[in-house]
Amino acid sequence: MVPTTTSSETLQNSANSIADKKSCPSPTSANGSTVHKSLQNSQNGDNNQKLRVSAHRESAIQMGEYNGAEYIGINEVPSPRPNNNAKKVSLLPLIFLIFYEVSGGPFGVEDTVHAAGPLFALLGFLIFPLIWSVPEALITAEMGTMFPENGGYVVWVSSALGPYWGFQQGWVKWLSGVIDNALYPVMFLDYLKSAIPALGGGLPRILAVLALTIVLTYMNYRGLTIVGWVAVSLGILSILPFVVMGLISIPKIRPGRWLVADVHSIDWNLYLNTLFWNLNYWDSISTLAGEVHNPKKTLPKALFYAVILVVLSYFFPLLIGTGAVPLERDLWTDGYFSDIAKILGGVWLRCWIQGAAAVSNMGMFVAEMSSDSFQLLGMAERGMLPEFFAKRSPYGTPLIGILFSASGVILLSWMSFQEIVAAENFLYCFGMILEFIAFVWLRIKYPNAPRPFKIPGGTIGAVLLCIPPAVLIGVVLAFSTIKILIVSLAAVAVGLVLQPCIKLIEKKRWLKFSTSSDLPDITSHGPLIR
């Protein structure tokens with residue numbers, strides 16, 4: 001597919017990639033005359049392909065706005081979805097789906113105070129989003145509206161770097177997502193084991209993880225729209241007790257407690273990894289872009305509001321906890337917010353916080369599995385995986401993708417919390433490096449390609465935008481242990497070998513592969529939008 005744009009002149013192509021341009025007659029269209037160009041790529045000698053563009057200049061829009069551009073297919077099919085009766089996700093559910101992809105509430109941020117004290121914890125959740133979250137959200141808004149389909153970041157990387165690296169991106173991001181999702185049943189049971197000690201270990205815990213995974217997987221199977229509105233409800237339930245705790249804490253807040261800091265005692269490894277884990281995965285929503293109602297308008301708006309919601313959901317609970325209770329850094333570990341709730345409001349508020357934490361973990365599981373399973377469906381529609389991965393349930397959800405993602409969660413649930421986070425961060429960083437390269441390369445090679453949402457600043461601005469998060473990735477990787485380094489590099493190596501093996505299976509016709517005719521072709525030298 002290519003988005004139509006408003007342009008008074010035809011799109012210019014890069015001199016090093018387009019050798020010849022020939023005009024051909026244009027058919028009549030609803031918004032005026034269109035121009036068909038026959039484009040020949042001098043680098044790989046690909047066959048000429050026709051593009052349809054309107055005769056008006058493309059105009060970039062600010063985040064949260066929309067210029068009315070229409071995303072149409074190469075065969076002029078208005079929607080690529082095979083199930084046109086499936087309900088699409090609207091703005092509010094999408095905001096909370098992003099919220100659960102990234103955050104789910106302040107549960108898990110306590111270690112920042114333990115590692116660095118109140119001042120650095122508060123500053124971290126104000127500064128870190130500017131370095132990491134905002135750039136990632138902006139890139140997701142531009143690329144997600146440029147390619148509004150379920151392949152998400154896999155399509156971005158394939159379009160810029162070719163299908164081999166697109167597959168590697170899909171492999172490491174799917175694996176990191178499944179590893180991340182393995183955290184949530186474990187954390188869910190950790191909040192329940194104080195009330196039900198049997199869930200602390202052994203066979204009851206194993207059965208509980210299994211049952212919980214099955215129930216939440218079924219929610220995904222029944223339909224993304226259901227999942228979306230469940231995310232809205234769970235989000236409100238997760239945030240509401242902290243609003244109440246904040247009101248109760250007002251008379252007890254001492255602003256001087258927020259300024260406590262000791263640079264010499266900071267555990268930078270714990271501090272940075274906790275911040276990174278709590279503020280990543282903004283790009284995951286791109287794998288659901290094909291399920292979003294009017295993604296060119298809805299996706300940028302949802303990302304904009306979600307960034308604000310996530311930052312507030314972290315900052316104000318930390319402001320309350322560090323300002324209303326005397327500081328004891330050693331106590332600031334996972335679950336300490338429930339103890340603060342008891343100190344400030346009593347047992348009833350503590351139970352509410354614990355219940356909200358359990359609900360939050362359920363919501364994060366649901367949102368993450370939606371993203372992971374639709375990613376596999378998008379890769380199958382691109383011919384990167386066997387056709388059976390594109391099979392949908394009667395509810396329009398990716399049946400095989402859900403089953404594979406759930407199986408991965410069950411297999412990984414035996415790992416410790418620290419091991420899961422470290423391995424996930426490493427693989428996630430590898431995928432983000434490919435995304436940054438793809439984003440900048442598409443800006444350099446195809447600066448005039450249609451972009452319904454475009455980050456201002458041109459190519460130089462795109463490069464500058466990627467520098468701070470790229471430096472942060474280097475810092476996070478530098479803190480990896482040898483064990484995590486070996487395991488993560490082994491996982492990356494599996495992907496490097498797996499793609500040629502899948503191509504061999506396709507060549508031998510041992511399994512059926514197909515590419516959706518409603519999706520634009522992606523050549524090995526760039527996107528079909530020029």
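Sort out for me the Cα centre separation of segment 157-206 from segment 365-443, rounded to whole Å. Comparing the Cα centres of segment 157-206 and segment 365-443, I get a distance of 10 Å. Normalised by 2.2 N^0.38 Å, where N is the number of residues, the alpha-carbon radius of gyration of segment 133-241 equals 1.39.
Ignoring any ligand, DNA or RNA, what whole percent of the accessible area of segment 277-429 comes from carbon and sulfur when the probe is 1.4 angstrom? With neighbouring chains kept in place, the figure for segment 277-429 is 68 percent.
Taking label points 7 Å from Cα along the Cα-to-Cβ direction, Ile308 and Val492 give a separation of 3.8 nm.
Summarising the label geometry, the points placed 7 Å from Cα in the beta-carbon direction at Tyr218 and Ile248 lie 3.5 nm from one another. Near Val89, the amide H atoms lying under 5 Å from its own belong to Val292, His293; only residues 5 or more places off or on other chains count, and H is placed 1.01 Å from N. Accessible surface for segment 120-246, divided over its residues, is 31 Å² per residue with a 1.4 Å probe. Ranked from largest, the principal axis spans of the Cα set of segment 172-225 equal 33, 27, 17 Å.
The values are calculated or read from the model by the stated rules, or taken from the named source; none is laboratory data. In this text the structure is predicted, and so the values were computed from the model without any measurement. Because the Cβ atoms are built from the backbone with ideal geometry, glycine has one as well, and the counts that use them run over all protein chains shown. What goes into the accessible areas is simple: the full protein's heavy atoms, side chains included, and nothing from ligands, DNA or RNA. Shrake-Rupley method; radii C 1.70, N 1.55, O 1.52, S 1.80 Å.
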